[in-house]
Amino acid sequence: MAKVDIRLPDEFQAKLSKLGKKTDEIAQKALQAGGEVVLEKVRDNLANVVGKGEHSRSTGELQASLGLTPVKVDRDGNSNIKVGFAEPRSDGDSNAKIANILEYGRHGQPARPFLKPAKKASANECKQRMIQTLEEEISKL
């Protein structure tokens with residue numbers, strides 16, 4: 001599965017630790033808000049690279065499969081949300097494989113990156129949206 005990892009700023013993590021019982025609920029809302037920013041940028045970038053080649057065979061299935069996972073807690077206790085592609089495709093191929101080919105290219109097909117540029121372009125806005133959501137939720141306490 002193609003994915004983008006965004007790490008929480010230290011200041012953000014310090015604020016989270018002060019929230020007590022509501023920490024998990026508020027962290028989920030903040031991660032969801034940040035994930036939506038990244039998802040939108042990935043979606044825009046993907047739309048700009050899919051079907052732009054001379055011999056495009058785009059079905060729209062890759063774009064339709066793009067989405068966010070629910071917030072999950074890993075074995076180290078860290079909450080995370082992932083931007084990625086649902087599987088499988090109707091033709092039996094893998095969306096992750098097709099996304100990888102687009103991102104990095106292959107023999108005879110140039111790379112058309114959309115994930116890495118989305119990560120870079122959305123990082124600051126993602127962090128700001130998470131901080132804004134956190135502050136809004138804290139003010140409700």
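Hey, does segment 50-73 have a residue that's within 23 Å of residue 6 (Cα to Cα), open to solvent by 90 Å² or more (accessible area, probe 1.4 Å) and hydrophobic (A, V, I, L, M, F, W, C)? Scanning segment 50-73, I find at least one residue that is within 23 Å of residue 6 (Cα to Cα), open to solvent by 90 Å² or more (accessible area, probe 1.4 Å) and hydrophobic (A, V, I, L, M, F, W, C), so the answer is yes.
Test residue 89 against the criterion of being in a loop (DSSP other than H, G, I, E, B), in contact with a helix residue (DSSP H, G or I) (Cβ under 9 Å, 6 or more places away or on another chain) and modelled with pLDDT of 85 or more, and give yes or no.
Numbers: in a loop (DSSP other than H, G, I, E, B): yes; in contact with a helix residue (DSSP H, G or I) (Cβ under 9 Å, 6 or more places away or on another chain): yes; modelled with pLDDT of 85 or more: yes.
For residue 89, the condition - in a loop (DSSP other than H, G, I, E, B), in contact with a helix residue (DSSP H, G or I) (Cβ under 9 Å, 6 or more places away or on another chain) and modelled with pLDDT of 85 or more - is met.
Looking across 13, 32, one residue alone is modelled with pLDDT under 75, assigned to a helix (DSSP H, G or I) and open to solvent by 60 Å² or more (accessible area, probe 1.4 Å). It is 13.
Among the candidates 139, 58, 122, the residue that is small (Gly, Ala, Ser) and part of a loop (DSSP other than H, G, I, E, B) is uniquely 58.
Would you say residue 77 is farther than 30 Å from residue 8 by Cβ and open to solvent by 30 Å² or more (accessible area, probe 1.4 Å)? Let's see the steps before the verdict.
Values: farther than 30 Å from residue 8 by Cβ: no; open to solvent by 30 Å² or more (accessible area, probe 1.4 Å): yes.
No: the conditions fail for residue 77.
Scanning segment 65-108 for residues that are within 16 Å of the chain's Cα centre (by Cα), among the polar types (S, T, N, Q) and farther than 16 Å from residue 38 by Cα yields 79, 95, 100.
Take residue 103 and decide whether it is on the phi < 0 side of the Ramachandran plot, touching a Pro at 6+ places or on another chain (Cβ under 6 Å) and not small (Gly, Ala, Ser). So residue 103 fits the description; yes.
Residue count for segment 114-141, restricted to those that are over 17 Å from residue 9 (Cβ atoms), touching a residue at least 24 places away in the same chain (Cβ under 8 Å) and exposed (fewer than 15 other Cβ atoms within 10 Å of the Cβ): 1.
The values are calculated or read from the model by the stated rules, or taken from the named source; none is laboratory data. Keep in mind that what you see is a predicted model, and the values were worked out from it rather than measured. A quick note on method: Cβ atoms are made from the backbone with ideal geometry, for glycine too, and the neighbour counts reach across all protein chains shown. To get the accessible areas, we keep the full protein, side chains included, count just its heavy atoms, and leave off ligands, DNA and RNA. Shrake-Rupley method; radii C 1.70, N 1.55, O 1.52, S 1.80 Å.
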